[in-house]
Amino acid sequence: MLPIPLRCLRLAGLLLVAACTVRPVHGDVAAADAAAAAEAGLRAIPKIDVHAHYRTDTPELVSTLADWHVRAVLVTVTGSDRKIDEKWRDHRALQAAHPDRFFLVTTFDPFRFNEPDFVATTIAKLRADIAAGAKGVKVWKDIGMELKDADGQYVQIDNPRFQPIWDFLAEQHIPVMAHIGEPLAAWRPLSDSSPHFWYYSNNPQYHAYSHPEIPSHETIIAARDRWVARNPRLTIVAMHLASLEYDVAEVGKRLDAYPNLYVETAARINDLAMQPSPKVRDFFLRYQNRVMWGTDFGEGSTSRAALDAAFDQQWRYYVRRDTVTLGSARGWHRTVEGLDLPMTVLDKFAHRNAERVLKLR
Ligand SMILES: [Zn+2]
């Protein structure tokens with residue numbers, strides 16, 4: 001149940017969103033009023049960002065999130081620096097300072113895979129992190145694309161050595177948040193028509209096309225699908241649209257096949273915009289209990305200006321019927337019709353599914 005003021009705000013927001021779809025007839029002043037009202041409506045929707053990496057407690061970050069009614073799940077991830085402990089410490093400090101604003105998701109170091117006590121120490125660490133408030137456990141693309149076993153073979157997420165960890169998490173009712181694989185664009189030549197051009201230009205180590213030793217997208221996704229199928233009691237949130245961002249129909253096939261699977265949209269909204277809006281809208285309607293909002297925002301996007309611009313762009317796309325430009329003026333961008341999602345669907349996507357699946361209060 002939302003606190004009363006938030007509920008009121010939300011209702012006001014809904015009315016304003018509805019009002020703003022009517023074309024103003026009184027000239028510029030009315031148009032400006034309608035634009036302001038529409039903006040207020042987008043802000044007023046209660047939101048949980050299930051995929052954020054903020055670490056530093058800045059007044060601008062927290063006040064901007066509050067203005068947009070965003071609570072955020074701080075996801076600890078191995079990352080290329082592998083500094084898991086420092087990230088977990090920072091996330092815990094941020095969450096402790098703002099317990100009503102942030103939630104925690106922990107991870108474990110997969111590069112200890114070949115050590116004899118890997119499974120036991122990982123479970124002990126996760127048990128402690130869950131006791132400290134972790135609502136989920138993140139696994140990252142290093143499993144599948146980087147990690148190798150003692151024989152030098154790439155380790156996939158369905159490797160049986162991980163199984164006791166999944167059994168433990170299923171028993172604890174703790175979901176796994178799985179960023180397994182990369183966008184299909186990672187296995188294709190660099191192209192500035194792709195929303196991922198900037199990322200692979202700046203992170204060439206993950207551009208699998210230039211590293212033929214990295215297993216194929218198909219191999220990694222097939223292993224991920226087997227893992228989801230073999231662990232029906234484990235709740236799995238496949239992050240970044242399950243690394244099937246190029247076609248919502250592919251995401252839908254997995255959601256149909258695996259009742260324990262959920263997805264989130266972080267850093268893949270531009271991939272949605274590459275697909276016809278009516279098709280994407282149908283996907284959100286059909287899987288309205290299974291899709292959650294995420295951003296992947298972190299230390300690089302904590303200024304008010306950056307967050308305002310990004311949240312405004314994203315929520316215009318989900319809420320409005322008129323056209324919206326996604327991307328950045330200097331880089332990849334595309335102007336598309338908004339999804340015009342019904343309020344009941346928006347509400348589930350924006351926060352209710354996250355609250356239920358990650359058991360957030
Ligand atoms: Zn992330």
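Check whether at least one residue in the stretch 197-217 is more than 16 Å from the ligand (Cβ to nearest atom), among the aliphatic types (A, V, I, L, M) and touching a Leu at 6+ places or on another chain (Cβ under 9 Å), and report yes or no.
no
Can you pull out every residue in the stretch 272-299 that is charged (D, E, K, R) and within 15 Å of the ligand (Cβ to nearest atom)?
Matches in the stretch 272-299: D296, E299.
I need every pair where a residue in the stretch 328-349 that is of a type in the set (D, E, K, R) has its Cβ under 9 Å from the Cβ of a residue that is in a strand (DSSP E or B) and surrounded by 12 or more Cβ atoms within 10 Å (Cβ to Cβ), sequence separation at least 6 or different chains.
If the second residue must be in a strand (DSSP E or B) and surrounded by 12 or more Cβ atoms within 10 Å (Cβ to Cβ), the pairs left are R334/T325; R334/L326; R334/G327; E337/T323; E337/V324; K348/V291; K348/M292.
Of the residues that make up the stretch 338-347, is at least one away from the ligand (no atom under 16 Å from the Cβ) and buried (at least 23 other Cβ atoms within 10 Å of the Cβ)?
yes
Output yes when any residue across the stretch 228-238 is closer than 30 Å to G331 by Cα, buried (at least 22 other Cβ atoms within 10 Å of the Cβ), in contact with a His (Cβ under 6 Å, 6 or more places away or on another chain) and in the same structural domain as W187 (by TED's automatic domain parsing), and no when none is.
For the stretch 228-238, residues closer than 30 Å to G331 by Cα, buried (at least 22 other Cβ atoms within 10 Å of the Cβ), in contact with a His (Cβ under 6 Å, 6 or more places away or on another chain) and in the same structural domain as W187 (by TED's automatic domain parsing): absent.
So is Y258 more than 20 Å from P183 (Cα to Cα), of a type in the set (F, W, Y) and either within 16 Å of the ligand (Cβ to nearest atom) or touching a residue at least 40 places away in the same chain (Cβ under 8 Å) (or both) or not?
no
Among the candidates E182, E171, which residue alone is more than 16 Å from the ligand (Cβ to nearest atom) and either among the acidic types (D, E) or crowded, with 21+ Cβ neighbours inside 10 Å (or both)?
Of E182, E171, the one residue that is more than 16 Å from the ligand (Cβ to nearest atom) and either among the acidic types (D, E) or crowded, with 21+ Cβ neighbours inside 10 Å (or both) is E171.
Residue-by-condition table, conditions (1) of a type in the set (A, V, I, L, M); (2) part of a helix (DSSP H, G or I); (3) not assigned by TED's automatic domain parsing to the domain that holds Y199:
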{"residue": "F111", "(1), (2), (3)": "no, yes, no"}
{"residue": "E115", "(1), (2), (3)": "no, no, no"}
{"residue": "V119", "(1), (2), (3)": "yes, yes, no"}
{"residue": "T122", "(1), (2), (3)": "no, yes, no"}
{"residue": "L126", "(1), (2), (3)": "yes, yes, no"}
{"residue": "A170", "(1), (2), (3)": "yes, yes, no"}
{"residue": "H173", "(1), (2), (3)": "no, no, no"}
{"residue": "A185", "(1), (2), (3)": "yes, yes, no"}
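Determine which member of the set R356, R330 is closer than 25 Å to R101 by Cβ and among the charged types (D, E, K, R).
R356
Taking the stretch 329-339 as the search range and keeping residues that are out of contact with any Asp or Glu (no Cβ under 9 Å at 6 or more places or on another chain) and at pLDDT 95 or above, which one is farthest from P276 (Cα to Cα)?
Residue satisfying both the conditions and the ranking: H333.
Quickly run through the stretch 173-215 and pick out the residues that are acidic (D, E) and at pLDDT below 95.
D192
Only residues in the stretch 198-218 that are over 10 Å from A185 (Cβ atoms) count as the first member; pair them with residues that are modelled with pLDDT under 95 and not hydrophobic (A, V, I, L, M, F, W, C), Cβ under 6 angstrom, at least 6 apart or cross-chain, and list the lot.
These pairs meet every condition: W198/G331.
Please return the ranges of helices (runs of 4 or more DSSP H) entirely within the stretch 247-361 where 1 or more residues are closer than 24 Å to D192 by Cα.
In the stretch 247-361, the matching helices (runs of 4 or more DSSP H) lie at 248-257, 269-273, 277-286, 304-319.
Out of the stretch 43-85, which residues are assigned to a helix (DSSP H, G or I), away from the ligand (no atom under 16 Å from the Cβ) and out of contact with any Leu (no Cβ under 6 Å at 6 or more places or on another chain)?
The answer is R43, P59, E60, L61, V62, S63, L65, A66, D67, D85.
Return the residues of the stretch 148-160 that are closer than 21 Å to A238 by Cβ and either basic (K, R) or touching a Ser or Thr at 6+ places or on another chain (Cβ under 8 Å) (or both); say none if nothing qualifies.
Once the filter is applied, which keeps residues that are closer than 21 Å to A238 by Cβ and either basic (K, R) or touching a Ser or Thr at 6+ places or on another chain (Cβ under 8 Å) (or both), the stretch 148-160 yields only Q156.
Return only the number of the condition from (1) outside any loop (DSSP other than H, G, I, E, B); (2) without any contact (Cβ under 8 Å) to a residue 40 or more places away in the chain that P99 does not satisfy.
Among (1) outside any loop (DSSP other than H, G, I, E, B); (2) without any contact (Cβ under 8 Å) to a residue 40 or more places away in the chain, the lone unmet condition for P99 is (1).
The values are calculated or read from the model by the stated rules, or taken from the named source; none is laboratory data. Remember, it's a predicted structure, so these values are computed and weren't measured experimentally. Every residue, glycine among them, receives a Cβ derived from its backbone with ideal geometry; neighbour counts consider all protein chains shown.
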